[in-house]
Structure formats: C-alpha cells, structure tokens
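Quick notes on the structure that follows.
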Amino acid sequence: MPPSDCVTLDLRDLQPPEPLLRILERIDSGNGEPFDVRLKRDPLLLYPELAERGWTWERLDAETEEKRLRLFPLSND
C-alpha cells in the first residue's frame, strides 16, 4: 500500500476535462510516485486511462460529496 504522506492534488474547482488532463500529465511525467486527488465527482473516464498506463487506484472518500482517490503504479512483483 502506498504511503499516507502522498502529494494531494485538489482538482475540485476545475471544469472537465481539466481534472483528467492534470492527473494524466502527472502520471505521464514519469515520476512514478503515488499521489492523492480530490474531485467533485467520480472520474469515470479516468479508470480505463489508469489501467492503460499501468496504474491503479484506491478510494479514500470523505463523508462529504467530494471524491478522494489515491493513485499509484501497479508493482512489477
């Protein structure tokens, strides 16, 4: 499981498709570090993009309407 001290991207104030684009930019940068995202809605278009790039996610939803996810690369083990 990824560390709990991940960088968090707060993308709640952005309009689609900007949150998706920002997330994919970070993944495609080659950093490979897990990170958290905060979103207004469930990012349905993100999930297949993550799989295609060898990444996965874990839901961290708060008790509010926002969606919180931890994104991390699949291990090569």
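Condition check ((1) modelled with pLDDT of 95 or more; (2) in a helix (DSSP H, G or I)) across all residues:
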position: Leu14; (1), (2): yes, no
position: Leu24; (1), (2): yes, yes
position: Val37; (1), (2): yes, no
position: Leu44; (1), (2): yes, no
position: Ala51; (1), (2): yes, yes
position: Ala62; (1), (2): no, no
position: Asn76; (1), (2): no, no
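Selection of segment 52-77 for residues being touching a residue at least 12 places away in the same chain (Cβ under 8 Å) and exposed (fewer than 11 other Cβ atoms within 10 Å of the Cβ) yields only Glu65. Residues in segment 30-51 that are without any contact (Cβ under 8 Å) to a residue 24 or more places away in the chain and closer than 20 Å to Asp5 by Cα: Gly30, Asn31.
For segment 37-51, the set of residues classified as aliphatic (A, V, I, L, M), out of contact with any Phe, Trp or Tyr (no Cβ under 7 Å at 6 or more places or on another chain) and either surrounded by 10 or more Cβ atoms within 10 Å (Cβ to Cβ) or more than 18 Å from Pro17 (Cα to Cα) (or both) consists of Val37, Leu39, Leu45, Leu46, Ala51, listed by residue number. Taking the criterion of being closer than 17 Å to Pro48 by Cα and surrounded by fewer than 15 Cβ atoms within 10 Å (Cβ to Cβ), the residues of segment 19-36 that qualify are Leu21, Arg22, Glu25, Asp28.
The values are calculated or read from the model by the stated rules, or taken from the named source; none is laboratory data. Computed from a predicted model, the values in this text were never measured in an experiment. Here Cβ is always computed from backbone atoms with ideal geometry, including for glycine, and neighbour counts include all displayed protein chains.
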